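Chemist: Supplied in structure tokens, the structure appears directly below.
The values are calculated or read from the model by the stated rules, or taken from the named source; none is laboratory data. Quantities reported herein were computed from a predicted structural model and do not represent experimental measurements. Cβ atoms come from the backbone with ideal geometry, glycine included; neighbour counts cover every protein chain shown. Accessible surface is based on the protein model in full, side chains and every heavy atom, while ligands, DNA and RNA are left aside. Shrake-Rupley method; radii C 1.70, N 1.55, O 1.52, S 1.80 Å.
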Amino acid sequence: MPKTEKCPAIKGKKSERVKIISELLKKLYPDALCALEYQGDPYRLIVMARLSAQCTDKRVNEVSKPLFERYPTVYHLAKAEQREVEDIIRPCGLFRTKAESIIEMSRQITELHNGQVPDTYDQLIRLSGVGMKIANLMLGDVFGQPRIVPDTHCIRITHKLGLISRADPVVCERELSRLVPSEEQSDFCHRIVLFGREWCKAPNPKCDLCPLQSRCEAKEKK
Ligand code: SF4
């Protein structure tokens, strides 16, 4: 297709385009696995999600192994020495803030929620270091509620694909929530992250071989 000619997916309504893109992503990543290896444990996922700010999922997975060996439950981390935690999570960057935050968050979970990660948005965002992205990740992945997780991959790629009007977390969450069917929202976000890691990397996307190339407005502008 000539670069100036828009493909049918770009021309169509956003709801039709998201359907086409979602089907392609399903074929690429049928399992839609969360990139964070949290072994089904909500405590691990909420801590790992906090560590993932400005850090790759790969590094978070590596750093989390010694962290959870030393602090296997939320009760252990709630009583941890900040210096010890800092030393373990240093490779994730922002290690002082993150250490303080995950200890405080663990303390809140033990004192206010009987050691269980809460299952409502309002309770989650009151935890230290938890914002919309982490709250939605927890609700979608652990508690089975339809949620869009506007992480950096999701924002960047859905904007390139012309699905959202602005590369902004609030806009991304609001607009994708209306476009992606509720039962598919969690899986769609996981697939976008996997796609970002494999193909649409920042700053060097593999556009020439990209399976979504013909659906991408960013590619079209090249
Ligand atoms: S064509 Fe390039 S910019 Fe567009 S989604 Fe694929 S890798 Fe990303």
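Chemist: Report D for the stretch 42-141 in µm² per second (integer): Stokes-Einstein, Kirkwood Rh on Cα pairs, 10 °C, 1.306 mPa s. Working shown, then result.
Modeler: Working: Rh = 13.2 Å.
Once the numbers are plugged in, D ends up at 120 µm²/s.
Chemist: Over the stretch 42-141, with the other protein chains present, what is the accessible area per residue in square angstrom, probe 1.4 angstrom?
Modeler: Details: 4890 Å² over 100 residues.
I get 49 Å² per residue for this part.
Chemist: Given the DSSP H assignment, sum -39500 (n - 2.57) over each helix run of at least 4 residues in the chain and divide by its residue total; what's the result at 222 nm in deg cm²/dmol, nearest 500? Working shown, then result.
Modeler: Details: 13 runs with 126 residues, N = 222.
Taken over the chain, the calculation gives -16500 deg cm²/dmol.
Chemist: May I have the extent of the alpha carbons of the stretch 30-76 along their three principal axes, as whole Å values ordered from largest to smallest?
Modeler: Reported extents, whole Å, longest axis first: 35, 22, 15.
Chemist: Sticking with this one: Give me the three principal axis extents of the chain from the C-alpha atoms, as integers in angstrom, largest value leading.
Modeler: For the chain, the Cα extents along the three principal axes come out at 61, 31, 28 Å.
Chemist: Another one. Sorted by average packing, counted as other Cβ atoms within 10 angstrom per residue and highest first, what order do 162-168, 98-104 take?
Modeler: 98-104, 162-168
Chemist: May I ask which of LYS133/LYS201; LYS27/LYS98; LYS19/LYS98; LYS27/LYS133; LYS13/LYS58; LYS26/LYS98 have a Cα-Cα span longer than 30 Å here?
Modeler: Details: LYS133/LYS201 20 Å; LYS27/LYS98 36 Å; LYS19/LYS98 37 Å; LYS27/LYS133 26 Å; LYS13/LYS58 36 Å; LYS26/LYS98 34 Å.
Violating the 30 Å limit, Cα to Cα: LYS27/LYS98; LYS19/LYS98; LYS13/LYS58; LYS26/LYS98.
Chemist: With a 1.4 Å probe and every protein chain kept in, tell me what percent of the accessible surface of the chain is carbon plus sulfur. Don't jump to the answer; show the numbers that get you there.
Modeler: On the way: 5820 of 11630 Å².
That share works out to 50 percent.
Chemist: Any chance you could list P(r) for the stretch 99-177, counting all Cα-Cα pairs in 10 angstrom bins from zero, rounded to whole %?
Modeler: In order of increasing distance, the bins hold 20, 42, 27, 11, 1 percent.
Chemist: Among 181-192, 119-130, how do they line up by average Cβ neighbours within 10 Å per residue, starting with the highest?
Modeler: 181-192, 119-130
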